[in-house]
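Step one of this worksheet: look at the structure below.
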Amino acid sequence: MKPRQVEVSIPLQPPGAGATPAGGRVEHPRDYVLWSLFNVLLGFGLTFFGCFCFPALIYSIKARDCKVLGDMEGARQHGTRAKVLNIICSVLLILTLLVIATFIIIAIVLTVT
């Protein structure tokens, strides 16, 4: 009698983690850390709006932590919140820079004439 070899496989991932959906590629939620960091640095460096942009950085770091831990729903929620806060901070920074540039141009025009 010949011994029979049986192939045994041990799953290294939790069930469903390695499976891809029918659509193909799995889309991971975005965390927007670089955008948040840019807003905070630009906000503190130019207009002191960094304190308004800091919550976006916190939520983006939370989103990245959730994504690393595998909590995709939490990462999606924190990422969406970080995106909205980043949009608000970017608009505030652009408006502030436009106001500062306008005042500088007016000051230059008034000193020349």
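Taking a straight line from the alpha carbon of Lys67, these aspartates and glutamates sit under 18 Å away, with near neighbours fewer than eight places off in the same chain left out: Glu27, Asp31. Highest mean packing first, where packing is the average number of other Cβ atoms within 10 Å per residue, the peptides 50-56, 72-78, 106-112 line up as 50-56, 72-78, 106-112.
No value in this document is a laboratory result; all are computed from the given coordinates. Model, not experiment: these values are computed from the prediction. Backbone-built Cβ (ideal geometry, glycine too); neighbour counts: all protein chains shown.
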